[in-house]
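What follows is calculated from the coordinates using simple rules that are stated; it is not laboratory data. Predicted, not measured: the structure shown is a model, and the values here were computed from it. Every residue, glycine among them, receives a Cβ derived from its backbone with ideal geometry; neighbour counts consider all protein chains shown.
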Ligand code: GRG
C-alpha cells in the first residue's frame, strides 16, 4: 500500500508511547529537582521555594529541553541542570503571577498558592530565590558542555525572563486589564512574551547545549514559536471548558476578570482551529529531522489534546 507522508507520520506517532515517555521524563526531572534544592538555614525560605517547585506540574519546559538536546546529539545528563533551571524560572513566574498585586490567585497546581501559605513577603522572596538559583545551578552543575555554549544558554535564559520575555509580556498584560478593545496584535505580543518565550528557550537551549548547528537551532526555534502560541490558545480554551479540579487552579478566571483571550476574539471553534494550524506548522519544521524528532512531534500533538 502506498502511504501519504501524513499517514506515515500518524503511524509513527501511533507507535510512540507519549504517556510512558512523559512519565519517565517527569520522574527524572522530579528527582533532579528534588536533589537540586535541599532545605538548609534559613529553612523558611528553602521550604517556600520547595513548596512551589515540588508541587507537580507537567514539567513541560524541562522535558522539551531534554528532548531537544537528545534530538540534536546531546545527552540527558548535559541538559538536566538547564532543564531544572527552566522549571525554577517557570515556578517563580507562577508564584509572582499569583500574588495579590498581579493575578491574585488562591490555587495553583492543586494546592494553595505560595503567598497563601507563606505570606506575600516570603512568596516574593521565594520567587527571587528561585530565579537567582536557576542561573547559579546552570553555571555550576552543567558538565560536558563547552563554556561558550553554556554562556549562550545563560544569556538565552536571561533574555527569556526579562523585559524582552516574561516580564515584558506580563507588563503589557497588566496594562490591558479591564480594557475591552485589546487587539489581536497586542494579545499575540503578550503571549509571545509571557508564555512562548520560555518555551522557546526550553527548546533552543537543549539544542545549543549539544552544539547543534545554527540552522537546526533556528528550525527548532520556529517549532517552539508555533507550539508556544498554540499552548496559550489551548490554555485560554481550557479556562472556559475545564473544571478547577482538572486545572488545579481557579477555572473561568478570564471570563470573570473580563480578560481579552483568544476565545474572546475568535470564539472557541476558531481558536481550536488556529491552535491546530500552529501545531501542524510546528510539526512541519521537524520534518528534516525524520524519525529522531518523534518525541517533539508527539509533544506538539499533546499541546492541543491536553485537558489541563
Ligand atoms: C520572570 C522575573 C519574572 C517575573 C515574573 C509574573 C510574571 C513575571 C510573568 C507571568 C508569566 C506567566 C505566569 C505566564 C503564564 C504561562 C503559563 C501558560 C503557565 C501555565 O503553564 P503550565 O500549564 O503549568 O505548563 P504547569 O503547572 O503544568 O507547569
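The table below gives the values:
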item	result
Reciprocal of mean inverse Cα separation for the range 94-172 (Kirkwood radius, Å)	14.2 Å
Calculated diffusion of the range 141-222, Stokes-Einstein form, Kirkwood radius summed over Cα pairs, 37 °C and 0.692 mPa s, µm²/s	237 µm²/s
Cα convex hull volume per residue for the range 149-294 (Å³)	122 Å³
Exposure proxy order (Cβ contacts within 10 Å, fewest to most) of 40, 240	40, 240
Which of 52, 271, 205, 183 has the fewest Cβ neighbours within 10 Å, and the rest in rising order	183, 271, 52, 205
Convex hull (Cα only) mean projected area of the range 227-308, reported in nm² to one decimal	5.4 nm²
Isotropically averaged projected area of the chain, using the convex hull of Cα atoms (one quarter of hull area), nm²	15.8 nm²
Spherically averaged projected area in nm², based on the convex hull that wraps the Cα atoms of the range 1-150	11.6 nm²
FRET efficiency, 1/(1 + (r/R0)^6) with R0 25 Å, evaluated for residue 238 and residue 128 via beta carbons	0.30
Residue exposure sequence - 87, 43 - by fewest surrounding Cβ within 10 Å	43, 87
Choice from 289, 189, 118 with maximal GNM fluctuation in the chain (Cα, 10 Å cutoff)	289
Alpha carbon convex hull of the range 207-261, volume per residue in cubic angstrom	103 Å³
Segment residue 107-residue 167, length gained on full extension (0.36 nm per residue, minus Cα span)	19.4 nm
Cα→Cβ-extended label distance, 7 Å offset, between residue 117 and residue 277, nm	4.2 nm
Of 91, 82, 250, the one that fluctuates the most in a GNM where the chain has Cα springs shorter than 10 Å	250
Centre separation in Å (Cα based) which lies between the range 268-282 and the range 115-138	35 Å
Centre separation in Å (Cα based) which lies between the range 217-265 and the range 37-53	30 Å
Value of [θ]222 nm, deg cm²/dmol, for the chain, DSSP H segments ≥ 4, -39500 (n - 2.57) each, nearest 500	-23000 deg cm²/dmol
Relative contact order of the range 98-236, pairs being alpha-carbon contacts under 8 Å that are 6 or more residues apart, as %	19 percent
Where a label projected 7 Å from the Cα of residue 250 along Cα→Cβ would reach, residues of the range 84-110 with amide N under 13 Å	98-108
Top of 158, 57, 290 by mean-square fluctuation, Gaussian network on the chain, Cα under 10 Å	290
